[in-house]
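Every number here is computed from the coordinates shown, using simple stated rules; none is lab data. In this text the structure is predicted, and so the values were computed from the model without any measurement. Note that each Cβ is placed from the backbone with ideal geometry, even for glycine, and that neighbours are counted across all protein chains shown.
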Amino acid sequence: MRSAKGLVRICLTDDPGNFPNCVDDADAVRRSVPAGQTSIRFDALPRGRYAVAVIHDENGNARLDTFAGIPREGFGFSRNPAIRFGPPRFDAARFALEGDAEMQQIRMRYIL
């Protein structure tokens, strides 16, 4: 994180149609943690294919702020896919959870 301000908002989903926002996904797992926290653990997830989206909500307004469509706050995705125009597709961020100890390291990106 570029600062300890605000919150880190995380969404873990197995629904390609609701990635990366998780807006209409009742089964998505969402967490908000202080920006100074460097890791989070999700317990008791069933095996499957998931994708994670993360935003660094520095001002605490519960959304990713943009200017002319360009993110003003940090963001990241599982598997750290290449970012072109807009967020990656679910398949680019998807990973398989096949055991008890899957770990994803997500690189945060800041454009503005």
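Taken over the range 40-49, the criterion of being surrounded by 11 or more Cβ atoms within 10 Å (Cβ to Cβ) and either charged (D, E, K, R) or in contact with a Lys or Arg (Cβ under 7 Å, 6 or more places away or on another chain) (or both) is satisfied by Ile40, Arg47, Arg49.
Taking first residues from the range 17-39 that are touching a residue at least 60 places away in the same chain (Cβ under 8 Å) and partners that are among the basic types (Lys, Arg) and assigned to a loop (DSSP other than H, G, I, E, B), the Cβ contacts under 8 Å between residues at least 6 apart in sequence or on separate chains come to Phe19/Arg89.
For the range 5-34, filtering for residues that are hydrophobic (A, V, I, L, M, F, W, C), assigned to a loop (DSSP other than H, G, I, E, B) and surrounded by 11 or more Cβ atoms within 10 Å (Cβ to Cβ) leaves 3.
Taking the conditions (1) surrounded by fewer than 16 Cβ atoms within 10 Å (Cβ to Cβ); (2) farther than 10 Å from Val8 by Cβ; (3) in contact with a strand residue (DSSP E or B) (Cβ under 9 Å, 6 or more places away or on another chain); (4) of a type outside the set (Asp, Glu) in turn, Gln37 satisfies each one other than (2). Being among the charged types (D, E, K, R) and within 11 Å of Val8 (Cα to Cα) is the filter; apply it to the range 50-70 and report the residue that is surrounded by the fewest Cβ atoms within 10 Å (Cβ to Cβ). Within the range 50-70, the match that is surrounded by the fewest Cβ atoms within 10 Å (Cβ to Cβ) is Arg63.
I want to confirm something. Restricting to the range 73-89 and keeping residues that are in contact with a Phe, Trp or Tyr (Cβ under 9 Å, 6 or more places away or on another chain) and in a loop (DSSP other than H, G, I, E, B), which single residue is surrounded by the fewest Cβ atoms within 10 Å (Cβ to Cβ)? Among them, the one singled out is Arg89. Residues being over 25 Å from Ala4 (Cα atoms) and either out of contact with any strand residue (DSSP E or B) (no Cβ under 7 Å at 6 or more places or on another chain) or touching a residue at least 60 places away in the same chain (Cβ under 8 Å) (or both) are entirely absent from the range 69-76.
Scanning the range 96-111 for residues that are within 23 Å of Asp15 (Cβ to Cβ), among the hydrophobic types (A, V, I, L, M, F, W, C) and exposed (fewer than 15 other Cβ atoms within 10 Å of the Cβ) returns Ala96, Met103.
Can you tell me which of Asn80, Asn18 is over 12 Å from the mean Cα position of the chain (by Cα) and among the polar types (S, T, N, Q)? Walk me through how you get there before you give the answer.
Working: Asn80 fails: over 12 Å from the mean Cα position of the chain (by Cα).
Residue meeting the stated conditions: Asn18.
When Asp43 is tested against (1) farther than 17 Å from Arg107 by Cβ; (2) in contact (Cβ under 8 Å) with a residue 12 or more places away in the chain; (3) among the charged types (D, E, K, R), just one condition goes unmet, and that condition is (2).
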